[in-house]
Each structure stands twice: as C-alpha cells, then as structure tokens.
Amino acid sequence: MRTKFKAEYRVGGEVKFRTKYYDTPEFAQAALAKRTGYFPKLGAVAGDTHNSHLGYCDYAPRLGGRVDIFESL
C-alpha cells in the first residue's frame, strides 16, 4: 500500500480547508493553495518546521493560521 498525503489549513485550531489524499506532499500543498490562495511552499520560509525524520516540511505558519501535512499508510 502506498503512502498518501493530505493538507489542512487551520486558524485558531479550526480546520478551514482540507484536501483529499494525494501521492506527494507537494501535490497536497498545491491543492490546498488553490483553495486558500497563494502561499510560499512549505519549508521555504523562516519559521517553517522541516521534519528531518520525514524528509519534508510537515508544518508551517501561513496566512495567520497553520498548514499541516498528514500521511496515510
């Protein structure tokens, strides 16, 4: 079974937007950006959290909220 990724955008702990599952974290983020408006790629801005265990940024503050990337096995 392949790993899939979805992205969520939260403000004040409330989910504002959520994507379906995609093959890569980049595709999930791109789908979320289409819903929320443009924001810099996760991992590209100071303050973004790069998870060295996962090999990509799975959390970043954006637009007054936060973007999280979740994996499904």
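Assorted remarks:
- Total residues in the stretch 24-47, condition surrounded by 15 or more Cβ atoms within 10 Å (Cβ to Cβ) and more than 26 Å from R2 (Cα to Cα): 2
- Check on Y21, in contact (Cβ under 8 Å) with a residue 24 or more places away in the chain and open to solvent by 70 Å² or more (accessible area, probe 1.4 Å): yes
- Matching residues, the stretch 25-72, being in contact with a helix residue (DSSP H, G or I) (Cβ under 9 Å, 6 or more places away or on another chain) and hydroxyl-bearing (S, T, Y): Y56
The values are calculated or read from the model by the stated rules, or taken from the named source; none is laboratory data. Since this is a predicted model, take the numbers as computed values, not measurements. Methodologically, a virtual Cβ is constructed for each residue, glycine included, from the backbone with ideal geometry; neighbour enumeration extends over all protein chains shown. Heavy atoms of the whole protein, side chains included, go into the accessibility calculation; ligands, DNA and RNA do not. Shrake-Rupley method; radii C 1.70, N 1.55, O 1.52, S 1.80 Å.
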